[in-house]
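Before any comments, here is the structure.
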Amino acid sequence: MAPAGLAKTGKLAAMIQTMRAMAVTTFAPDARPRPIDFPMPEPRAGEAVVRMAFASVNPADWKCAEGWLLRFPQFKPALPFGLGFDGAGVVAAVGPGDTDLKPGDRVFVRGNQMNGDHGTFATHCRTTVDGLAKLPDGVSLRDAATVPTAGLTAWQSLMRAGELQPGQSVLVNGGAGGTGGFAVQLAKAAGARVAATCGADNVDYVCGLGAGLVQDYRQPGLAQAIAAWSPGGVDLLLDTVNLAGSDIMLPLVRPGGVLVAIETLDLTATRHDPARAAARGVRLVEMTAIRAKSVEDLMRIGALMAEGKVRAPQTRLLPLDKAADALAEVKAGHVRGKLLLEIGGEPA
């Protein structure tokens, strides 16, 4: 007999016995995910199974494949292990518990890999309902797949950590990437003045996202340009690429301002110096997306997308079986926008 949680969902497991995931059989620098069939997961209390449409490819994915997450005690994977931190899809089954999710709902998806479940590089993904948020009408699954890691990190960095207010000045270091592209748009939608850095090839792209000043970070003159644009320094600097090893970023923030640095899994990375920040009177925050606030914040971003105030970053699609190539490209850096793996695609 199917579990009670599946009785109201069309008995998914009875209809589909297996799912396919791009999985690694070891965590190592040379680990390459390959397609492996697994038993179809059944949602437990407080969980749902999502039929994946698109999965986003993030820097955290190749770091996961290489074993960077093994130092976290809550990460307890079984090998082979399916990769993928986020994406978008359609709810296929809902476990017991109090939730307004139902089969057929289109959702933003955050995976549950930190608790050992397979990720989103798969035909189906089981995750907790606090990692799922409904899409508003008018937002495609392809666009939605870019949001749960990059967009959520940008929103929470600006609004929760940075406490951004209308009229403030914001500098996004790394405006062409997934998180940076969302940050430029979200800051502008919040009524801020926005500047950004990027490579020369991406200047027009970042200008198109709404940045009022865009500087090629490889060229000299960044400090002078920011000083002319925001005398005294910016109110909030979001460092998406973590240039902590240089002396470039901190002096660009005004005393009393905020520097938000995206947390890196790299233990060898040079972090921003709290003592130097404090001496300048700058509040320093190292940021990673907060799962407890995911549903609320994803729905806010979705609403802005539905209203046309924020658009998905430029995306490029690869088939699911090219996950290894996608990871290598993201690891190499300088991806404009987001790489997505196409799995089920948009429903007909």
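Values in this text are rule-based calculations from the coordinates and carry no lab data. None of these values were measured; they are calculated from a predicted model. Positions of Cβ are generated from backbone atoms using ideal geometry, with glycine treated the same way; all protein chains shown enter the neighbour counts.
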C-alpha long axis of helix 323-332 to longest principal axis of the chain, angle in °:
10 degrees
Treating the angle as unsigned and between 0 and 90°, give the value, to the nearest 10°, between the Cα long axis of helix 178-189 and the longest Cα principal axis of the chain.
70 degrees
Of Gly131, Leu222, Ile343, farthest towards positive along the dipole that unit charges on Lys, Arg, Asp, Glu beta carbons give the chain
Gly131
Helical mean residue ellipticity (222 nm; -39500 (n - 2.57) per DSSP H run of 4+; nearest 500) of the chain:
-6000 deg cm²/dmol
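Using the Kirkwood radius built from alpha carbon pairs, what does the Stokes-Einstein equation give as D for the stretch 174-231 at 37 °C and 0.692 mPa s, in µm² per second? Don't skip to the answer; put the middle values down first.
Working: Rh = 11.3 Å.
The calculation lands on 292 µm²/s.
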Quick one: helix 294-306 against the long Cα principal axis of the chain, what's the angle to the nearest 10°, folded into 0 to 90?
70 degrees
Taking the inverse of the average 1/r across all pairs of different Cα atoms in the stretch 149-287, what Kirkwood radius in Å do you get?
14.5 Å
Normalised alpha carbon radius of gyration of the chain [divisor 2.2 N^0.38 Å]:
1.00
